[in-house]
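The values are calculated or read from the model by the stated rules, or taken from the named source; none is laboratory data. The structure displayed is predicted, hence computed values, not measured ones. Cβ placement follows ideal geometry from the backbone for every residue including glycine, while neighbour counts extend to all protein chains displayed.
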Amino acid sequence: MVVQRNSATLPTEQDRLAAILELRSSLRSLTHGLRLEAPRRDVVSTSISSLDAILPERGLLRGTLSEWISAEAGGGAASLAMQVARQSQREGPLIIVDRYRQFYAPAIFAAGVRSADVVLVRPESRAHELWAIEQSLKCPGIGAVLSRIDFLKPQEFRRLQLAAESGTAIGLLLRSATAQNYSGWADIRLLVSPCMSPLRAFSRRVAVRCVYAKGGLAGQTIELDICDETGAVRLAAGFSDPAAE
């Protein structure tokens with residue numbers, strides 16, 4: 001037996017488009033409802049209002065990982081991450097996992113980090129380094145965990161992300177430019193690139209681009225000036241402040 005279909009009952013292209021739009025609207029409403037019902041975790045400001053403005057939560061959520069990727073060595077990513085580390089000390093100590101002895105104490109304290117609330121861990125191997133980062137992220141009552149780590153296997157990255165979720169710390173991972181070539185499990189991924197500074201300026205100018213933001217829009221870029229003498233960070237002159245929009 002042959003069943004003939006009435007072509008008039010088949011959905012048209014316009015019908016399919018309307019259904020897709022309706023589905024998208026329903027998903028947005030559902031997502032919004034889930035966010036309202038979910039307990040809100042504390043948000044820590046980066047202490048830079050213009051940088052907060054390009055982040056989905058207007059800062060960094062506790063229990064999350066963020067990547068600070070330097071487009072070039074010494075590009076300013078560490079200086080910016082240190083600003084967040086300083087802010088996070090209001091809720092607990094800062095743990096620095098420094099396998100390669102790259103963190104210079106006077107520079108850390110010049111950024112305003114309280115020395116009494118810093119725990120410096122210097123593991124002797126990569127295995128010990130990953131273990132120290134993971135355990136520090138899991139530990140309750142920690143403000144932030146800061147480490148420079150260039151290569152992470154996907155399963156290693158996932159373990160760190162799960163560890164961060166189970167704790168209270170903000171995970172601050174300093175990465176080299178090669179990290180851009182690999183996907184990861186960080187909630188926020190920021191690319192910091194050096195820019196040409198004005199003549200006679202005692203500061204470095206950097207461009208900060210949010211290349212990934214979990215649950216939010218990415219792609220926004222701001223330019224910041226980092227004072228070499230005081231470590232203070234401010235929005236570059238002539239650049240529109242997204243916090244005012």
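Things to note:
- Identity of the residue in segment 216-245, loosely packed, with under 11 Cβ neighbours inside 10 Å and either among the charged types (D, E, K, R) or within 19 Å of the chain's Cα centre (by Cα) (or both), that ends up modelled with the highest pLDDT: Gly219
- Flag if Ile170 is buried (at least 21 other Cβ atoms within 10 Å of the Cβ) and in contact (Cβ under 8 Å) with a residue 40 or more places away in the chain: yes
- So Val211, is it surrounded by 15 or more Cβ atoms within 10 Å (Cβ to Cβ) and either within 25 Å of Gly112 (Cα to Cα) or of a type in the set (Phe, Trp, Tyr) (or both): no
- Considering segment 47-94, the residues that are in a helix (DSSP H, G or I), in contact with a helix residue (DSSP H, G or I) (Cβ under 9 Å, 6 or more places away or on another chain) and hydroxyl-bearing (Ser, Thr, Tyr) include one that is nearest to Ser115 (Cα to Cα), namely Ser79.
- Elements of type helices (runs of 4 or more DSSP H) in segment 98-166, at least 1 residues being out of contact with any Cys (no Cβ under 7 Å at 6 or more places or on another chain) and of a type in the set (Val, Ile, Thr): 105-110, 126-138
- Among the conditions (1) aromatic (Phe, Trp, Tyr); (2) closer than 16 Å to Ser70 by Cα; (3) in contact with a strand residue (DSSP E or B) (Cβ under 8 Å, 6 or more places away or on another chain), the only one that Tyr182 does not satisfy is (3).
- Any hit, segment 194-203, residues being among the hydroxyl-bearing types (Ser, Thr, Tyr) and more than 22 Å from Leu80 (Cα to Cα): no
- Scanning segment 145-159 for residues that are under 11 Å from Ser66 (Cα atoms) and β-branched (Val, Ile, Thr) turns up at least one hit.
- Within segment 122-156, the set of residues being of a type in the set (Val, Ile, Thr) and either exposed (fewer than 13 other Cβ atoms within 10 Å of the Cβ) or under 27 Å from Asn181 (Cα atoms) (or both) comprises Ile133, Val145, Ile149.
- Answer residue from segment 110-121, given it is closer than 21 Å to Ala77 by Cβ and without any contact (Cβ under 8 Å) to a residue 60 or more places away in the chain and is surrounded by the fewest Cβ atoms within 10 Å (Cβ to Cβ) among those: Leu120
- For segment 201-215, filtered to residues that are of a type in the set (A, V, I, L, M) and modelled with pLDDT of 80 or more, the residue that is nearest to Tyr104 (Cα to Cα) is Val206.
- Some residue of segment 61-82 being buried (at least 18 other Cβ atoms within 10 Å of the Cβ) and over 23 Å from Ser183 (Cα atoms): yes
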